[in-house]
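Down below is the structure, laid out as structure tokens.
Since every read-out is calculated from the coordinates, none of them should be taken as a lab result. These numbers come from a predicted model, not from an experiment. Heads up, the Cβs are rebuilt from the backbone with ideal geometry, glycines too, and the neighbour counts pull from every protein chain shown.
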Amino acid sequence: MPTPDDYFQLQRLLDLYARLIDEDRLEEWVELFSPEGRYEIISRENLAQGFALPLMLCENRNQIADRVMSLRKANIYNIHTDRHIISQLHVERSDDGWRVGANYVLFQTNQEGVSSLYSVGRYDDLVRPVDGRLMFFSKRVIVDTGAVPSLLATPI
């Protein structure tokens, strides 16, 4: 069972995660992951059926950083603003760190100012302290549907 301070620190980590994406501070967002940190986006259906078919997979922080660099320099995608809403956390202590779960809703606003629901799902995270700060060792984004309304470019 987490102490109130543990819970608060984990909530701050997820708040920072969403804020950095929403403010397009993706280079800082990368630093929330440990060097071996894994980032995966997978549909609920694939996960339930045991299919290891993620929509996006980065197996360490270097791959996550490469993904951000490609967004900045190479990829062409719909320019938008993200806005996350994250539920209250479900936190459990395990032998390998904190297991943190939360539901999320992600809205996107395009350059014309039209906002729409982009993705709904949940986060399934493994968080550990590294040098006095909490970091993601694994972040699995489980989207309720694999059908995204436009190109999946930026993190969820």
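Restricting the first residue to the stretch 84-106 and requiring it to be without any contact (Cβ under 8 Å) to a residue 60 or more places away in the chain, which pairs with a second residue that is surrounded by 13 or more Cβ atoms within 10 Å (Cβ to Cβ) and outside any strand (DSSP E or B) meet a Cβ separation below 6 Å and a spacing of at least six or different chains? What qualifies is Asn103/Ser87; Leu106/Ile156. Taken together, the residues in the stretch 145-156 that are closer than 23 Å to Ala52 by Cβ, in contact with a Ser or Thr (Cβ under 8 Å, 6 or more places away or on another chain) and either of a type in the set (Asp, Glu) or surrounded by fewer than 20 Cβ atoms within 10 Å (Cβ to Cβ) (or both) amount to 3. May I ask you to verify whether Ser70 is within 18 Å of the chain's Cα centre (by Cα), small (Gly, Ala, Ser), farther than 24 Å from Arg122 by Cα and surrounded by 11 or more Cβ atoms within 10 Å (Cβ to Cβ)? Spelling it out, Ser70 is indeed within 18 Å of the chain's Cα centre (by Cα), small (Gly, Ala, Ser), farther than 24 Å from Arg122 by Cα and surrounded by 11 or more Cβ atoms within 10 Å (Cβ to Cβ).
Counting residues in the stretch 73-92 that are in a helix (DSSP H, G or I), at negative phi and surrounded by fewer than 16 Cβ atoms within 10 Å (Cβ to Cβ) gives one or more.
The set of residues in the stretch 57-99 that are touching an Asp or Glu at 6+ places or on another chain (Cβ under 7 Å) and within 18 Å of Val143 (Cβ to Cβ) comprises Leu57, Asp82, Arg83, His84. Selection of the stretch 52-67 for residues being part of a loop (DSSP other than H, G, I, E, B) and either in contact with a helix residue (DSSP H, G or I) (Cβ under 8 Å, 6 or more places away or on another chain) or crowded, with 18+ Cβ neighbours inside 10 Å (or both) yields Ala52, Leu53, Pro54. Please tell me if Glu92 is under 18 Å from Gln11 (Cβ atoms) and among the acidic types (Asp, Glu). Considered against the rule, which asks whether it is under 18 Å from Gln11 (Cβ atoms) and among the acidic types (Asp, Glu), Glu92 comes out as yes. Residues in the stretch 4-13: is at least one surrounded by 14 or more Cβ atoms within 10 Å (Cβ to Cβ), closer than 22 Å to Thr145 by Cβ and aromatic (Phe, Trp, Tyr)? No, because not a single residue in the stretch 4-13 is surrounded by 14 or more Cβ atoms within 10 Å (Cβ to Cβ), closer than 22 Å to Thr145 by Cβ and aromatic (Phe, Trp, Tyr).
Name the residue that is farthest from Ile86 (Cα to Cα), counting only residues in the stretch 102-142 that are among the small types (Gly, Ala, Ser) and surrounded by 15 or more Cβ atoms within 10 Å (Cβ to Cβ). That would be Ser138. When we screen Arg93, Arg128, Arg83 for residues that are touching a Pro at 6+ places or on another chain (Cβ under 9 Å) and of a type in the set (Lys, Arg), the only hit is Arg93.
When the stretch 18-49 is filtered for residues that are without any contact (Cβ under 8 Å) to a residue 24 or more places away in the chain and closer than 19 Å to Val143 by Cβ, the ones remaining, listed by number, are Ala48, Gln49.
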